[in-house]
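The structure under discussion appears below in the form of structure tokens.
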Amino acid sequence: MKASRQLKEAIKRAFWFALCCLAAMAVRAEDSVSLKLIKTIPMPDVKGRFDHFAMDVKGQRLFVAALGNNTVELFDLKAGKRLRSIVGCNKPQGLLYLPKGNLLFVANGGDGRLRIYDCSSFNPLVTIGALDDADNLRYDAKLDRVYVGYGDGALGVVNPVTGVLTGSIKLLGHPESFQLEGDGNRIFANVPGAGHVAVIDRHTRTVLEAWLLPDAHANFPMALDERDHRLFVGCRNPARLVVLDTTTGKRVNDLAISGDTDDLFYDAQRKRIYVSGGEGFVDVIEQRDVDNYKLLERTSTAPGARTSFFSPELEQFYLAVPRRGEQPAEIRVYDIGK
């Protein structure tokens with residue numbers, strides 16, 4: 001009888017020990033989540049696909065190019081609500097916010113117009129163009145210039161003070177995402193039509209070399225780890241992340257990612273790469289060292305949700321979800337895990 005009671009007590013202790021272990025494992029799993037959905041901002045009247053984002057960090061305002069709706073949508077992130085729609089756009093693609101002057105640049109792929117708005121009144125101040133299929137925008141803080149990708153192959157150079165197109169850099173195809181070195185003089189530009197990454201000297205406005213991607217096609221998004229001399233290129237066919245050494249142009253690694261990617265970002269603080277894909281996932285990739293990478297997590301999102309934005313200052317990740325079937329259009333806001 002005593003042996004039976006002892007056996008029962010032993011089983012009970014083992015059960016509670018196992019339960020505690022499972023609880024501890026659950027806590028550790030929860031702590032390891034890289035993206036935590038904290039807010040959803042609906043856009044019930046917005047139709048069609050989205051393109052690129054811009055951010056006013058100080059004002060915590062998010063701008064989203066609603067390409068299919070011919071509007072730019074403005075959100076108050078602190079209040080978690082949509083503030084307004086900027087109408088009169090024609091397939092807006094690239095966006096750029098400049099705190100100096102409180103200006104918003106909108107590249108319209110439909111009519112090829114680059115418009116500069118005053119972000120107090122949201123009246124257009126300057127219209128530049130036509131720049132056929134005006135697309136991605138980047139700001140060069142060192143030279144105080146704005147670059148816009150457009151046409152069958154060019155980067156336009158714009159003076160942000162005067163709003164004048166001062167020149168262009170010829171490429172062998174329409175440029176998609178491009179990144180600027182902060183300390184160096186180079187621009188790296190994805191040119192999927194030519195199957196390469198163009199390396200540009202922004203002082204001489206000439207192409208220095210082209211890094212071929214022979215077995216990775218449709219190279220659209222891009223991010224730069226300048227400190228470690230690594231360039232991250234997102235390809236759609238096949239769906240791969242290609243890692244290039246920016247000192248040599250050589251490939252040092254590549255790995256599978258979710259399909260139909262259109263945006264990717266490098267988180268230097270956490271050594272992670274965030275990749276959003278229209279297949280319906282956000283991939284979080286861990287940079288173990290400069291040559292070794294591993295898929296850390298794959299977060300389920302929604303079909304067609306391939307455009308996104310990462311704010312290292314606010315430590316948040318934003319995803320645009322288009323309206324499809326029962327799924328309404330919305331912006332999903334994620335906290336970045338530790």
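The values are calculated or read from the model by the stated rules, or taken from the named source; none is laboratory data. None of the values given here were measured: they were computed from a predicted structure. Ideal geometry is used to build each Cβ from the backbone, glycine not excepted, and the neighbour counts take in all protein chains shown. Accessible surface areas use protein heavy atoms only, side chains included; no ligands, DNA or RNA. Shrake-Rupley method; radii C 1.70, N 1.55, O 1.52, S 1.80 Å.
Using 7 Å Cα-to-Cβ label points, what is the Arg205/Ala130 separation (nm, one decimal)?
2.3
Around Pro312, what is the net charge, scoring Lys/Arg as +1 and Asp/Glu as -1 over all other residues with Cβ under 12 Å from its Cβ?
Result for the local shell: -1.
At 0.36 nm per residue, minus the direct Cα-Cα distance, what do Asp144 and Leu255 gain on full extension? Give it in nm, one decimal, please.
36.4 nm
222 nm [θ] for the chain, helices only, -39500 (n - 2.57) per DSSP H run of 4+, per residue, to 500?
Value at 222 nm, helices only: -3000 deg cm²/dmol.
Could you pull out every residue, at least 5 positions away or on a different chain, whose amide H is within less than 5 Å of the one on Lys91? Hs are placed 1.01 Å off N in the peptide plane, and Pro or chain starts have none.
So Lys91 has HN proximity to Asn70, Gly110.
Taking the alpha-carbon centroid of each part, what is the distance from the stretch 185-241 to the stretch 266-338 in angstrom?
Cα centres, the stretch 185-241 to the stretch 266-338: 21 Å.
I'd like to compare 266-272, 82-88: which one has the highest average count of other Cβ atoms within 10 Å, and what's the full order after that? Please list the in-between numbers first.
Details: 266-272: 17.1, 82-88: 15.1.
Highest-to-lowest ranking by the protection proxy: 266-272, 82-88.
Indicate the gyration tensor shape class of the stretch 51-145 (rounded, prolate or oblate), computed on the Cα atoms with a ≥ b ≥ c the square roots of the eigenvalues: a/c under 1.5 is rounded; otherwise a/b larger than b/c is prolate and the rest oblate.
oblate
Net charge near Tyr334: determine it from the other residues with C-beta under 9 Å of the C-beta of Tyr334, scoring Lys and Arg +1 and Asp and Glu -1.
On the way: positive: Lys36, Lys39, Arg332; negative: Asp335.
Net of charged neighbours comes to +2.
Need one number: nm distance between label points at Asp289 and Ala268, each 7 Å from Cα along Cα→Cβ, rounded to one decimal.
2.2
Can you tell me the length gained on complete extension of the stretch Asp111 to Thr247, counting 0.36 nm per residue apart and subtracting the Cα distance?
Gain on extension, Asp111 to Thr247, equals 45.1 nm.
Report, in degrees rounded to the nearest 10, the 0 to 90 angle that the Cα long axis of helix 2-31 makes with the longest principal axis of the chain.
Rounded to the nearest ten degrees, it is 10.
Largest first, what is the accessible-area ranking of Asp283, Asp335 with a 1.4 Å probe?
The ordering from most to least exposed comes out as Asp335, Asp283.
With r defined as the distance between the Cβ atoms of His217 and Lys78 and R0 fixed at 45 Å, what FRET efficiency is calculated, to the nearest 0.05? Present the calculation step by step, with values, prior to reporting the outcome.
Working: r = 41 Å, r/R0 = 0.91.
The formula returns an efficiency of 0.65 here.
Quick one: check the C-alpha center-to-center distance for the stretch 115-147 versus the stretch 30-71, whole angstrom.
After rounding, the separation between the Cα centres reads 20 Å.
Given the pairs Lys36/Lys271; Lys58/Lys100; Lys100/Lys170, which are separated by over 20 angstrom at their Cα positions?
Result: Lys100/Lys170 exceed 20 Å.
Extension gain His229-Lys100, at 0.36 nm per residue separation less the Cα-Cα distance, in nm?
In short, 43.5 nm is gained.
Among Asp254, Asp215, Asp263, which one shows the biggest mean-square fluctuation in a GNM of the chain, springs joining Cα atoms closer than 10 Å?
Looking only at Asp254, Asp215, Asp263, the largest GNM fluctuation is found for Asp215.
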